[in-house]
Structure formats: structure tokens, C-alpha cells
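Please read the structure below before turning to the comments.
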Amino acid sequence: MDSDQEKTNIHVNGQVDSKKSFMILFFCILVNVVTAGICNSFAVYNTLYLKLFSDSQAASIGWIGTMALSSMLLFSLVATPIIHYIGYRKTTLLGGAICGISLLLASFSTKIWQLALTQGVLFGLGASFPFLISVAMVSFWFERYRGFGMGAINAGGGIGGIILSPIIKKMLDSGNGSNFKLALWVTAIVVFVIIASSSYFMIERVPNGKNAQDGVEKSKPFDKAAVFDIFVFLVSISTLFGDVAYTAPLYYLPTIAEERSGLSSNATLAVVLANVGNVTGSLIIGYLADVIGEMNIIIISDFLIAVLVSSIWPTTKTASPILALSFVYGFLSAAFLSIVPGVLGRHYPAHRATGVIGVMFVYVAIGLIIGGPTAGAFYDISIKINNYYPLILISSIGFLVSGVILIFAQIYLRKHSSTKFGYRL
């Protein structure tokens, strides 16, 4: 370990899957409550912005939430060298400050492009630092319960959506939509305080009996080998297709629930149900991943989503099936969202965790960048032709392709790894 990195990164002795591991996991969950949770709550803003900017196309408004999600993942490549030079704690704190500033700036925005830059890109940049670090902490501190740990982190995003969506909605409704500045100010303060408090617990593990210099392998500012690794590529490209598919139900099931019922409260309810499903699914599917394997559970979930979205969405006319589908979609998509980083974390050493996962997150970001505006454009087409088959197709086909590619990743791993895998993969 070089001297610069010794000064910046805090290393502590500890066993994997220990009480200390679960304490650190708790603060990683808090980080995701106010990073991924903000992104999961964007559908509430999306519904408002469709009304405030009624002269704009849904595809343009969709860029705001898309850029928040995709930037949070894309800028993980920026986070990796910053972590290398200033450490996990300071990088987490820096990210929290950027998140708070971005939301304050968004409150002064009056145009879609301004919101896309502040509430979208800048927030995503700040969130990428603590988000990537929280995922890396699971790789450092868990082995047997790694799937559960990844699921619990993802559940934090769902919990954030559950808590924040109705609170934001309440603040927006109190001013007939004009109080979105107040909502952004309050959110900015909460995000910074929680991330700053959690940063103290973002520490790297050293195996018991070793010191910081001998116990931690030297990491790199950028993992070049991960870019050309075929297994990383297959897992990442599978994730890209899944992300293209993911955005359409996420953003437009709430809008459709409101359209079918005529009640704006159903849009919020759909968001809450999706996040409840996400929390439940993260924990249950995370546990199942430890039992039957991460890739197996992702493939099963991908195929189930493709079938359910294409069968329930177009064959029903009322809001109730859409609300039920929102919950099921949140439950099953938890596998796709939370377990994929665990796939790479299990098959690569801990000191490469941020680099390998960071490369994968770039593919995730590209998928979201493609998926968000595409879903918005398909929504506009759906309104014109008076049915939602375009949105249904982009989601179903994307998840189907994602599952198939992940099967090829399994085949590659079995053929090229020296480890003998059973069914649990």
C-alpha cells in the first residue's frame, strides 16, 4: 500500500459477516435511502412536471429523472480515482455536499434543461460517490450474506421512495404544485445531513491478525483490466438491456394509474407500492440469491417481469391491476437492481470491487440514458395511437434479452473459471 493511500483510507480489523459488518451495512442503507431513494421518488416530480411544462414532450421531461439515475452510475468512474486519493470517508462527504447543492440549485430552475442539469446530472454526480462506496462496503464486509447485504442496500432505495414520495407529494399539494422549491430545500438538507453522518462508517476491512499495510492489497485509480474482461462485459451488457427496459414501467405506471382512475393520489400510491415491493423483494430475493445463486435469481426475475408486464398491462382497463403490477414489478426488479453488483463482487477480489463495479455501472448508465428518453418518446406515441403497446414492448423485450445474455455469462464462467460451480451461480 502506497503512503498516500495509507493516509486517506481508514482500515480496521474485522471478520466478514460480523456484528461490525451489519453496523456498517445499516449506514450504507441510510446512504441509499437519500440517494437511490431520491431517484425512486422522482415519479412524483415527473407527474408534476408533466403539468407544469405541459407544452413540452414527456421525453424531454423524462431526461430529468433519467440523468439523475444514469449520472449516479456513470460518474462511478470518477468516484474510483477520488476514493484512491482522498479515501472512502472524505469521498462520501464530498458526494453529500454536491447532492445538497444540486437540489438547492434545482429549486431556482425554471426550465426543463436547468432541472436536467441540477436535479439530474449534478445530483447524480454527488450521489455516485456514496452510492458506489456503499456497494463496495458489502464486498469488503460480507461473504456468506453478500446477497442479503446487496439486497438490504437496494431496500434502502425503496425505503427512501416509500418515505419521501408521500412527504414530497404533501409539500407539492400544499401549494398546488408551486411548493416544489420548498420540497427541494427540505430534501437538500436531509440528504446532506444523512450522508455526512454516515460517512464516518465508510471504512475498509483488514482481515484479523494483519495490519493496514500488509492486510489490504493496493487498489488502482482505474481498473483497466475490467474494461476488457469478457465476464464483466457480459454481465454489464445484460444489465444495459435491463436498464433500457426498466424505465418505462418505473415512470409511467403511476401516470397510467392516475389516468385510469382520475385520482392523482393513485399516482403516488403506485410509486409507494413499487417501492414497498422493492424493499420486500430486495430482502427476500437477496436471501434467495445466497441460497440458489445471484445470476439464477436475476434470470428468473427477468423472465417473470417480461411475462407479467406483457400480460397484465394491455389486458386490463382499471387502475387496480396497474397498482398490483406496480408492487410486483418493484418486487421482481429488486433482483435486477440489487444483486448484479454482488455477482461481480463475488467473483473478483475486494481491492478490485470499486473498479469492476464502476465499469459495470457505466453500462447501467448508458442503458438508463437510452431507456428514459426512449420510454418518454414511446409514451408520446402511445398517447397518439391510444394504446400502450410501445411501452409494453420496450420493457418486455429488454428484460427478456437481459436474461438470455446472463445465461451466456453463466456458460462463459463455467468454461473459463478454475472454480467448479454447482447449480448455485
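With springs connecting C-alpha atoms under 10 Å apart, model the chain as a Gaussian network and identify which of Met150, Met23, Met202 has the largest mean-square fluctuation.
Between Met150, Met23, Met202, it is Met23 that shows the largest mean-square fluctuation.
How much length would be gained if the chain were fully extended between Tyr412 and Tyr287, taking 0.36 nm per residue of separation minus their Cα-Cα distance, in nm to one decimal?
On the way: separation 125, 0.36 × 125 = 45.00 nm, distance 2.49 nm.
Result: 42.5 nm gained on full extension.
From the helices alone, meaning DSSP H stretches of at least four residues, give me the mean residue ellipticity at 222 nm for the chain, per-run term -39500 (n - 2.57), in deg cm²/dmol to the nearest 500. Each step should come with its number before you reach the end.
Details: 20 runs with 328 residues, N = 425.
My calculation for the chain gives -25500 deg cm²/dmol from helical runs alone.
Relative contact order for the chain: what is it in percent, counting Cα pairs under 8 Å that are at least 6 residues apart? Before the final figure, lay out the partial values.
Values: 849 pairs, mean separation 111.9, N = 425.
With pairs under 8 Å counted, the relative contact order is 26 percent.
Given charges of +1 on the Cβ of Lys and Arg and -1 on the Cβ of Asp and Glu, with all other atoms neutral, how large is the dipole of the chain about its Cα centre, in debye to the nearest 20?
On the way: 26 positive and 19 negative charges, 67 e Å.
That gives a dipole near 320 debye.
Rounded to two decimals, what ratio of Rg to Rh does the range 114-167 give with C-alpha atoms and a Kirkwood Rh?
On the way: Rg = 13.9 Å, Rh = 12.7 Å.
Answer for the range 114-167: 1.09.
Test of understanding: ordering Trp185, Trp113, Trp313 by Cβ neighbours within 10 Å, fewest first, what list do you get?
Details: Trp185 17, Trp113 12, Trp313 23.
By the 10 Å Cβ count, ascending, the order reads Trp113, Trp185, Trp313.
Could you compute how fast the range 224-416 diffuses translationally, taking Rh as the Kirkwood radius over C-alpha pairs and applying Stokes-Einstein at 10 °C with viscosity 1.306 mPa s? Give it in µm² per second. Don't skip to the answer; put the middle values down first.
Working: Rh = 17.0 Å.
Rounded to a whole number, D works out at 93 µm²/s.
Scan the range 318-425 for trypsin sites (Lys or Arg not before Pro) in coil per DSSP, keeping those whose Cβ has at most 14 other Cβ atoms within 10 Å, and list them by number. Each step should come with its number before you reach the end.
Values: sites: Arg346, Arg352, Lys384, Arg414, Lys415, Lys420, Arg424; in loops: Lys420, Arg424.
Taking the range 318-425 and a limit of 14 other Cβ atoms within 10 Å, the loop trypsin sites (Lys or Arg not before Pro) found are Lys420, Arg424.
Tell me, what ³J(HN,Hα) does each residue in the range 160-172 have, in order and in whole Hz, if you take phi through Karplus 6.51 cos²θ - 1.76 cosθ + 1.60 with θ = phi - 60° and put x for Gly and Pro?
Per-residue couplings from phi come out as x, x, 5, 6, 6, 4, x, 5, 4, 4, 5, 5, 5 Hz.
I need the trypsin sites (Lys or Arg not before Pro) found in the range 50-137, filtered to DSSP loop residues with at most 12 other beta carbons within 10 Å of theirs.
The qualifying sites are Lys111.
Quote to one decimal, in nm, the extra length available between Leu182 and Tyr200 on full extension: 0.36 nm per residue of separation minus the C-alpha distance between them.
That pair, Leu182 and Tyr200, stretches by 3.6 nm at full extension.
Can you give me the Rg/Rh ratio for the chain, using Cα atoms for both radii and the Kirkwood formula for Rh? List each step's numbers first, then the result.
On the way: Rg = 20.5 Å, Rh = 21.3 Å.
Looking at the chain, the ratio lands at 0.96.
Of Lys181/Lys384; Lys90/Lys224; Lys51/Lys317; Lys19/Lys224, which sit over 29 Å apart, Cα to Cα? Mind showing how you got there, number by number?
Values: Lys181/Lys384 33 Å; Lys90/Lys224 24 Å; Lys51/Lys317 23 Å; Lys19/Lys224 35 Å.
Check vs 29 Å cut-off fails for Lys181/Lys384; Lys19/Lys224.
Taking a point 7 angstrom from the Cα of Lys317 along the C-beta vector, which residues in the range 241-275 have backbone N less than 11 Å away?
Counting backbone N atoms under 11 Å from the label point, the list is empty.
What is the fewest-to-most order of Glu204, Glu259 by other Cβ atoms lying within 10 Å of their Cβ?
Details: Glu204 25, Glu259 15.
Fewest-to-most Cβ neighbours within 10 Å comes out as Glu259, Glu204.
Within the range 133-192, list the trypsin sites (Lys or Arg not before Pro) lying in a DSSP loop whose Cβ has at most 10 other Cβ atoms in a 10 Å radius.
Values: sites: Arg144, Arg146, Lys169, Lys170, Lys181; in loops: Arg144.
Counting only loop positions with at most 10 other Cβ atoms within 10 Å, the trypsin sites (Lys or Arg not before Pro) in the range 133-192 are Arg144.
Only the coordinates and a few stated rules stand behind these numbers; no lab work does. Every value quoted in this text rests on a predicted model; they were computed, and no experiment measured them. Quick reminder, even Gly has a Cβ in these numbers, built from the backbone with ideal geometry, and neighbours come from all protein chains shown.
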